[in-house]
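Engineer: Below you'll find the structure I mean.
The values are calculated or read from the model by the stated rules, or taken from the named source; none is laboratory data. This structure is a prediction, so every number in the text was calculated from the model and none was measured. FYI the Cβ positions are ideal-geometry reconstructions off the backbone, even for glycines, and counts take in every protein chain you see.
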Amino acid sequence: MRVALYYAPSTHDPLWQLGSQWLGRDCDTGAKLEQPDVPGLFDLTVDPRMYGFHATLKPPMNLAQGVTWDRVVTAADDIAARLKPFPLPPLEVADLHGFIAIRDAERSDELQALADICVAEMDHLRAPPSEAEIAKRKKASLSARQLEMLERWGYPYVFDTWFFHMTLSKRLSPEQHAVVMPRAQAYFAETLQAPRMVRDICLFTQAEPGGDFLLAERIPFRG
């Protein structure tokens, strides 16, 4: 089993409903959903559909030997107990190196701090990545700093290399991008205008390699 800490909108938030429909799966219930009428959308969302609609805080990790689910929940609960709700910055549908994603339109120090604490304080539960996993990551065009993060934390995009994003597609060709981007911007436009708060962190689990991630636990801030 792999475990990740994610930000995910409330399941009552229209953003959750639209994001889940865009990807074709509700990762809270596991239900398959009818996607909007966008050419090729099913194939363009295979990978983000597996991970579910979310923004990564602590990347998916295999658990170290002897680590139980109760220990994972306790560690996440210890983080949430010290945190207070804070505003999510304004969001927009944007390009992300050829991917389409919902991004923060303004930097949020509180959001960065949340990601940092999740990475640092959950890391003792993580099993080291295999040599094959490291080699696969190194095939990407990583900077020296990203390689440093990969070696230390098992993932290249943490701390000062982290950025908030909720992935909506695989990497698109220019032709696909020209079709899908305006559809995505129109689809999410109204709901992205609404203010929202970050009130909890979510534990997602993947039962087996290649399986779908599911929202296993939503832990509210209580600071």
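Engineer: Acidic (Asp, Glu), surrounded by fewer than 18 Cβ atoms within 10 Å (Cβ to Cβ) and closer than 25 Å to Asp78 by Cα: does that describe Asp212?
Structural biologist: The answer is no for Asp212.
Engineer: Being in contact with a Pro (Cβ under 8 Å, 6 or more places away or on another chain) and modelled with pLDDT of 95 or more, is that true of even one residue in the range 205-215?
Structural biologist: Looking through the range 205-215, at least one residue is in contact with a Pro (Cβ under 8 Å, 6 or more places away or on another chain) and modelled with pLDDT of 95 or more.
Engineer: Quick check on the range 19-35: of everything there that is touching a helix residue (DSSP H, G or I) at 6+ places or on another chain (Cβ under 6 Å) and of a type outside the set (D, E, K, R), which residue is farthest from Lys170 (Cα to Cα)?
Structural biologist: Leu33
Engineer: Right, Glu121: surrounded by fewer than 12 Cβ atoms within 10 Å (Cβ to Cβ) and either modelled with pLDDT of 95 or more or part of a strand (DSSP E or B) (or both) or not?
Structural biologist: no
Engineer: Now, a different point. Sort through Val67, Val73 and tell me the only one that's outside any loop (DSSP other than H, G, I, E, B), surrounded by fewer than 19 Cβ atoms within 10 Å (Cβ to Cβ) and over 16 Å from the mean Cα position of the chain (by Cα).
Structural biologist: Val73
Engineer: Suppose the filter is in contact (Cβ under 8 Å) with a residue 24 or more places away in the chain, aromatic (Phe, Trp, Tyr) and buried (at least 19 other Cβ atoms within 10 Å of the Cβ); does Phe164 pass it?
Structural biologist: Yes; evaluated as a whole, the condition is true for this residue.
Engineer: Any residue in the range 36-63 that is assigned to a helix (DSSP H, G or I) sitting within a Cβ distance under 6 Å of a residue that is among the basic types (Lys, Arg) and surrounded by fewer than 21 Cβ atoms within 10 Å (Cβ to Cβ)? List the pairs, counting only those 6 or more apart or interchain.
Structural biologist: What qualifies is Leu44/Lys170; Asp47/Lys170.
Engineer: If we keep just the residues of the range 133-144 that are more than 21 Å from the chain's Cα centre (by Cα) and either closer than 30 Å to Arg82 by Cβ or not charged (D, E, K, R) (or both), which is surrounded by the fewest Cβ atoms within 10 Å (Cβ to Cβ)?
Structural biologist: The selected residue is Ala144.
Engineer: Do you know which residues across the range 81-124 are closer than 27 Å to Arg2 by Cβ and touching a Lys or Arg at 6+ places or on another chain (Cβ under 6 Å)?
Structural biologist: Ala81, Leu88, Gly98, Phe99, Cys118, Val119, Met122
Engineer: Looking at Ser169, Ser130 in this structure, which one is loosely packed, with under 14 Cβ neighbours inside 10 Å and either of a type in the set (S, T, N, Q) or under 20 Å from the mean Cα position of the chain (by Cα) (or both)?
Structural biologist: Ser130
Engineer: Under the condition of being among the β-branched types (Val, Ile, Thr) and in contact with a helix residue (DSSP H, G or I) (Cβ under 7 Å, 6 or more places away or on another chain), which residue from the range 36-58 is surrounded by the fewest Cβ atoms within 10 Å (Cβ to Cβ)?
Structural biologist: Step by step, filter the range 36-58, then rank; the result is Val38.
Engineer: Let me ask something else. For the range 105-115, indicate whether the set of residues that are at pLDDT 95 or above, of a type in the set (Ser, Thr, Tyr) and over 24 Å from Ala81 (Cβ atoms) is non-empty.
Structural biologist: No: the range 105-115 contains no residue that is at pLDDT 95 or above, of a type in the set (Ser, Thr, Tyr) and over 24 Å from Ala81 (Cβ atoms).
Engineer: Looking at (1) in a helix (DSSP H, G or I); (2) of a type in the set (A, V, I, L, M); (3) over 22 Å from Pro156 (Cα atoms), which is the one condition that is false for Ile134?
Structural biologist: (3)
Engineer: Applying the selection to the range 131-151, what residues are of a type in the set (Lys, Arg) and at pLDDT 80 or above?
Structural biologist: Arg145
Engineer: Which condition breaks for Ala113 when tested against (1) within 18 Å of Leu15 (Cβ to Cβ); (2) under 20 Å from the mean Cα position of the chain (by Cα); (3) part of a helix (DSSP H, G or I)?
Structural biologist: (1)
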